[in-house]
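Okay, so here's the structure we're looking at.
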Amino acid sequence: MKAICPICPQHCALKEGQSGLCRARKNIDGTVTAANYGHLTSIAVDPVEKKPFRRWYPGKFILSVGSYGCNLHCPFCQNDTISQAGAEAPGTDVTPEALVTLAQQLNHGPRGNLGVAFTYNEPLVGYEYVRDAAKLLRQAGLKTALVTNGMICQEPLAALLPYIDAMNIDLKGWGSEFYQWLGGDLGTVQATIVQAAAVCHVEVTTLIVPGKNDDEGAMAQETAWLATISPELPLHVSRFFPRFQMQAAQPTPVAMIERLCTIARKHLKYVYAGNC
């Protein structure tokens, strides 16, 4: 009998031992769970501004960790070596308890360590690990941040949000056809932004890929919608650099980013140019 994954709207129906399209979730003994639990492919200490967060503890550091897998397939992915990988991805197994201990050990000096940011790949395909670690981080007085594509169902997100302090959510473009190209759903991401912004700090990032999501009218519509949540919701408008399946593409012109930021500022108070 197949088991259906409840975490994201892909709702993969998996046979025993079968992995979902994210490559990180698997049917194990009749339950779909995180096969990448605790398997960290990337560990670094970053300024929070690098996540990017500009309105949440600026000047501080945060322990950043990633695993493997993603429930989208963006041809322009900037971290494809892990996001598009599976269990073969090299890494280190770290329990939630060990992760909290490491975060505590780094919490010294004037800039300190806020806690842990789950980033690099899509963290929510490793939902159970993020949940377990976030609970322990909260008990230890440390923060938990997510850098996510927002492709998660509302019920599991609601169960996780009490332990999350900040989220940077990718709003990859404004249009259902663009999201279909990525294998995702715009409505789900919109619902995630609304749900998260009601209970934790949220910033939004849109990576601009020339010829794909650089339409000025679309940026006006996107930012007008974000302003209905709050005109103080920070937005990062970031440059694309050739990666993954778009190696032959050109980087986003700086002038294009500046022009789109000008449009965004008609609706939002905090708009930042990224990767410029």
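Quick notes on this structure:
- Taken together, Thr205, Thr228, Thr223 contain a single residue that is of a type in the set (Ser, Thr, Tyr) and crowded, with 22+ Cβ neighbours inside 10 Å, which is Thr223.
- Scanning the stretch 176-232 for residues that are closer than 23 Å to Ile7 by Cα and of a type in the set (Gly, Ala, Ser) returns Ser176, Gly183, Gly184, Gly187, Ala191, Ala196, Ala197, Ala198.
- Applying the criterion of at least 1 residues that are more than 24 Å from Pro156 (Cα to Cα) and in contact with a strand residue (DSSP E or B) (Cβ under 8 Å, 6 or more places away or on another chain) to the strands (runs of 3 or more DSSP E) found wholly in the stretch 27-105 leaves 42-47, 61-66.
- Being assigned to a strand (DSSP E or B) and of a type in the set (S, T, N, Q) is a condition met by no residue of the stretch 245-266.
- Here Ala98 fulfils each of the conditions (1) surrounded by 18 or more Cβ atoms within 10 Å (Cβ to Cβ); (2) more than 24 Å from Leu186 (Cβ to Cβ); (3) out of contact with any Ser or Thr (no Cβ under 6 Å at 6 or more places or on another chain) apart from (1).
- All positions within the stretch 245-275 that are closer than 28 Å to Ala85 by Cα, of a type outside the set (Gly, Ala, Ser) and touching a strand residue (DSSP E or B) at 6+ places or on another chain (Cβ under 9 Å): Pro251, Thr252, Asn275
- Selected residue (criterion: nearest to Ala198 (Cα to Cα)) from residues of the stretch 231-244 that are assigned to a loop (DSSP other than H, G, I, E, B) and touching a strand residue (DSSP E or B) at 6+ places or on another chain (Cβ under 9 Å): Leu233
- Residues located in the stretch 240-259, provided they are more than 14 Å from Asn275 (Cβ to Cβ), within 24 Å of the chain's Cα centre (by Cα) and surrounded by 13 or more Cβ atoms within 10 Å (Cβ to Cβ): Phe244, Gln245, Met246, Ala249
- Selection status of Thr192, in contact with a strand residue (DSSP E or B) (Cβ under 7 Å, 6 or more places away or on another chain), more than 24 Å from Arg259 (Cα to Cα) and not aliphatic (A, V, I, L, M): yes
- Residue pairs whose Cβ atoms lie under 6 Å apart, sitting 6 or more positions apart in sequence or on different chains, and linking a residue in the stretch 55-67 that is farther than 24 Å from Ile82 by Cβ to a partner that is not in a loop (DSSP other than H, G, I, E, B), are Trp56/Ala166; Trp56/His201; Tyr57/Val48; Tyr57/Leu114; Lys60/Val48; Lys60/Leu114.
- The single residue among Gly183, Gly217, Gly175, Gly211 that is small (Gly, Ala, Ser), in contact (Cβ under 8 Å) with a residue 60 or more places away in the chain and surrounded by fewer than 18 Cβ atoms within 10 Å (Cβ to Cβ) turns out to be Gly183.
- As a summary of the residue check, Gly17 satisfies the conditions (1) without any contact (Cβ under 8 Å) to a residue 60 or more places away in the chain; (2) part of a strand (DSSP E or B) except for the one numbered (2).
- Among the criteria (1) within 20 Å of Asp93 (Cα to Cα); (2) surrounded by fewer than 16 Cβ atoms within 10 Å (Cβ to Cβ), the one Glu16 does not fulfil is (1).
All of the numbers you see were taken from the coordinates with simple rules; none came from a lab. Everything numeric in this text was worked out from a predicted model, so none of it was measured. Positions of Cβ are generated from backbone atoms using ideal geometry, with glycine treated the same way; all protein chains shown enter the neighbour counts.
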